[in-house]
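Notes follow once the structure below has been shown.
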Amino acid sequence: MSELGDTLRFYRDLGFEEIYTRSAKGPETAAARAPAPKPAERPVVIAPPVANLFVPSSETLEEIRVDLGECTRCKLHSTRHSIVFGSGNPKAEVVFVGEGPGADEDAQGLPFVGRAGQLLTQMIDNSAQRMGVPLRRADCYICNVVKCRPPANRTPEKDEMETCSPFLMRQLQTIRPRAIVVLGATAARALLGTTEPMHRLRGNWFDFQGAKLLVTFHPAYLLRDPHKKKEAWEDMQQLFRFLYNL
Ligand code: URA
């Protein structure tokens, strides 16, 4: 495919359905001359403090996985096939946190390997490439709030998240990333302890015990509503600007 074709496909994948070029001949309409509408003002949402997440940890990820064992701590164990602990670079500068494994992840024992996972890979790799930064999915660490698939992909329940999230906290404490990207409202609520709706959370940075935490859309949501990809792309730009001081 030509470079132009690649570029058009890239923007289409981000949710831009139509791309306009300035025409020398075409009449300029009043709408085209009107100033672009200002983006809505963002509310400031303050994250509640979380106790001691980044006290130095001497645990390794392998030790945390061993401690998790063949977990039966919550009811999700009875329907899962695999525990999906997490994967990626144990020294990652950025950790992506999803909600819980789906069918593909449950089958393979790895996070974000299904359709949503493929989109997550594109979100990271394509956005980084476009911004000229060397980060790729393999450089990140990827995990979920709950490590076992909720039946029929339902939202994990409060008790399930409360039982499992200490393992997530230990993973974060071991990796000690500079940035945590939270994918979707459920994971945001689990980590931030807030019930704020997604439109108030996304695109905002939170201080999370020495790390920066950014909330963005879950890729499964972006598959259902591709128009939101533009905002997800803006969030990825924010991430890379922070990580690379751009
Ligand atoms: N959705 C998630 O939240 N996590 C996965 O690992 C896959 C899909």
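For the reader, a short list of remarks on this structure follows.
- Meets criteria (closer than 27 Å to Glu234 by Cβ, more than 10 Å from the ligand (Cβ to nearest atom) and among the β-branched types (Val, Ile, Thr)) for Val113: no
- Any chance Val94 is within 14 Å of the ligand (Cβ to nearest atom), among the hydrophobic types (A, V, I, L, M, F, W, C) and open to solvent by less than 70 Å² (accessible area, probe 1.4 Å): no
- Pairs meeting the criteria (first residue in the stretch 125-142 and within 19 Å of Thr174 (Cβ to Cβ) and assigned to a helix (DSSP H, G or I), second residue open to solvent by 10 Å² or more (accessible area, probe 1.4 Å) and away from the ligand (no atom under 16 Å from the Cβ), beta carbons under 6 Å, at least 6 apart or on different chains) are Asp139/Asn89.
- Meets criteria (open to solvent by less than 70 Å² (accessible area, probe 1.4 Å), within 13 Å of the ligand (Cβ to nearest atom), part of a loop (DSSP other than H, G, I, E, B) and of a type in the set (S, T, N, Q)) for Ser82: yes
- Taken over the stretch 116-134, the criterion of being touching an Asp or Glu at 6+ places or on another chain (Cβ under 8 Å) and either within 11 Å of the ligand (Cβ to nearest atom) or among the aliphatic types (A, V, I, L, M) (or both) is satisfied by Gly117 alone.
The values are calculated or read from the model by the stated rules, or taken from the named source; none is laboratory data. None of the values given here were measured: they were computed from a predicted structure. Cβ coordinates were reconstructed from backbone atoms using ideal geometry, including for glycine residues, and neighbour counts include every protein chain displayed. Quick note on the areas: whole protein, heavy atoms, side chains included, nothing else; ligands and nucleic acids left out. Shrake-Rupley method; radii C 1.70, N 1.55, O 1.52, S 1.80 Å.
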